[in-house]
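A quick write-up on the structure given underneath.
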Amino acid sequence: MTASWRPPRGRVVCVGETMAALAPDPSGPLADADRLSLSVAGAESNVAMYLADHGIPAAWVSALGDDPLGTRVRAAVAAAGVDVTHVRTDPDRPTGLMLKNPSPAGTRVHYYRTGSAASALGPGLLEHEVMRTAALVHFTGITPALSASCRALVTRALAVPAAERPCAISFDVNHRAPLWPDGTAPDVLRDLAGRADVVFVGLDEAQDLWGAHLTAAAVRELLPAPRVVVVKDGSREATAFTASGAATVPAPRVAVVEPVGAGDAFAAGFLAGLVRGEPVGRSLRLGHLTAASALSVTGDHGPLPPRSAIDRLLALTDEEWKGVRP
C-alpha cells in the first residue's frame, strides 16, 4: 500500500438493488395522501448515475422484475448515461418497491422488497464478464442485508485478498437498520468494510454500529486494512485516511431540500476524483460538491454544476473553500 494508490482507470461497476419509490404528492403523511409520485431509488444506481455525470464510464448490475416498475427503473438509470445492459430481467420475481412516509419527525421508509428480483442475486454474478473486466466494483452494506445469496455475493467478492483481485472494490457501509432485524449488522458490516480497498462510512452510523465514543480517527483504527477510509461527519466535514495520513475537508454550506441520496452522491464524487488521479483533498471536495447537488433537490439525483464551475471550486485555496456555497 502506497500513498499514491488509486483504482485503475476504466469502467466502474455498481452492484445492488434499485426499487420503484412512491411518495405522497404533495409531501405529507402517507395515510392522508390522495396522490403518490413515482420515482426510482437505489444507492448503487445513484452512485453510477453521478459517476456518469462526472464522465466516468459506469455500469449498474442488478435484476428487475418483468413488470412496468422494472421498465421504469431501467429507463431512468439508462437515461443518466449508465450502462444497464447487464441488468437481468427476472420473469418470476417482482421489482422491489418502497413507500416514503414523511412526518414532522422525519421520513420513514416502508420496504416491499422481500423476494424481489434483486434479492436473488448471488455469487455466480462474479463470473460475468462485466464484473471480471471492471476497474472498480462498488458495493454497499444494503446488499448483504437483502438475502443469504446477496450476502454470499458480497462476501465472496471481498474474500479475495486485495493484492490478488482483478479489480479494486469500494464499499459504502450504508447501514439500514430495518434491514438487519437479527442484530448481525455490526459484525457483518465491519468485516466486509475491513476487506475493501475504499470504504465510506458516516461518523453517526459508525457510532451506532460500533460505539458511541468513536471519532473519525478511531473508525480508521477499527478499519486498518483498507487503502482509503472516508469518514463523513454530516454537514461538517469529511476525512479521508490513507497511507500518507489524514486529509479533512469541511463541507460547503448548502440549503438542504432533501438529504436522501447525498451519501451516494458524495461517494460518486470522491471515487470520480480518485479514478482520475486527483489528490485526496480535491477528491473530498468533489465528493462534497456532488453531495450538494443531491441535497438541493427532492429526488436522489440532482444536476451537477458546469464542469468549469467545478474546476474553479476545486482550485480554491483552503481558506477560500471555507466560504463556498455551491
Taking the range 101-117, which residues are in a strand (DSSP E or B) and open to solvent by 70 Å² or more (accessible area, probe 1.4 Å)? T107, R108, Y112
Residue check, T95 touching a residue at least 40 places away in the same chain (Cβ under 8 Å), surrounded by 14 or more Cβ atoms within 10 Å (Cβ to Cβ) and assigned to a strand (DSSP E or B): no
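Residues are listed down the side, and each one gets a yes or a no for (1) assigned to a helix (DSSP H, G or I); (2) touching a Cys at 6+ places or on another chain (Cβ under 9 Å); (3) more than 25 Å from P7 (Cβ to Cβ); (4) open to solvent by less than 60 Å² (accessible area, probe 1.4 Å):
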position: A76; (1), (2), (3), (4): yes, no, yes, yes
position: L99; (1), (2), (3), (4): no, no, yes, yes
position: S119; (1), (2), (3), (4): yes, yes, yes, yes
position: M131; (1), (2), (3), (4): yes, yes, no, yes
position: V137; (1), (2), (3), (4): no, yes, no, yes
position: S149; (1), (2), (3), (4): yes, no, yes, yes
position: V154; (1), (2), (3), (4): yes, no, no, yes
position: A157; (1), (2), (3), (4): yes, no, no, yes
Kindly evaluate T71 against the criterion of being polar (S, T, N, Q) and without any contact (Cβ under 8 Å) to a residue 12 or more places away in the chain. yes
Extreme residue, nearest to L153 (Cα to Cα), among residues of the range 184-213 that are hydrophobic (A, V, I, L, M, F, W, C), open to solvent by 10 Å² or more (accessible area, probe 1.4 Å) and out of contact with any strand residue (DSSP E or B) (no Cβ under 7 Å at 6 or more places or on another chain): V188
Candidates G261, G287, filtered to the one that is crowded, with 23+ Cβ neighbours inside 10 Å, under 20 Å from the mean Cα position of the chain (by Cα) and at positive phi: G261
G28: outside any helix (DSSP H, G or I), within 26 Å of V199 (Cβ to Cβ) and either without any contact (Cβ under 8 Å) to a residue 12 or more places away in the chain or not acidic (D, E) (or both), yes or no? no
Does E237 satisfy the condition of being among the charged types (D, E, K, R) and without any contact (Cβ under 8 Å) to a residue 12 or more places away in the chain? no
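The values are calculated or read from the model by the stated rules, or taken from the named source; none is laboratory data. Worth saying up front: this structure is predicted, and the values here are computed from it rather than measured. Here Cβ is always computed from backbone atoms with ideal geometry, including for glycine, and neighbour counts include all displayed protein chains. These area figures cover heavy atoms from the full protein model, side chains too; ligands, DNA and RNA do not enter into them. Shrake-Rupley method; radii C 1.70, N 1.55, O 1.52, S 1.80 Å.
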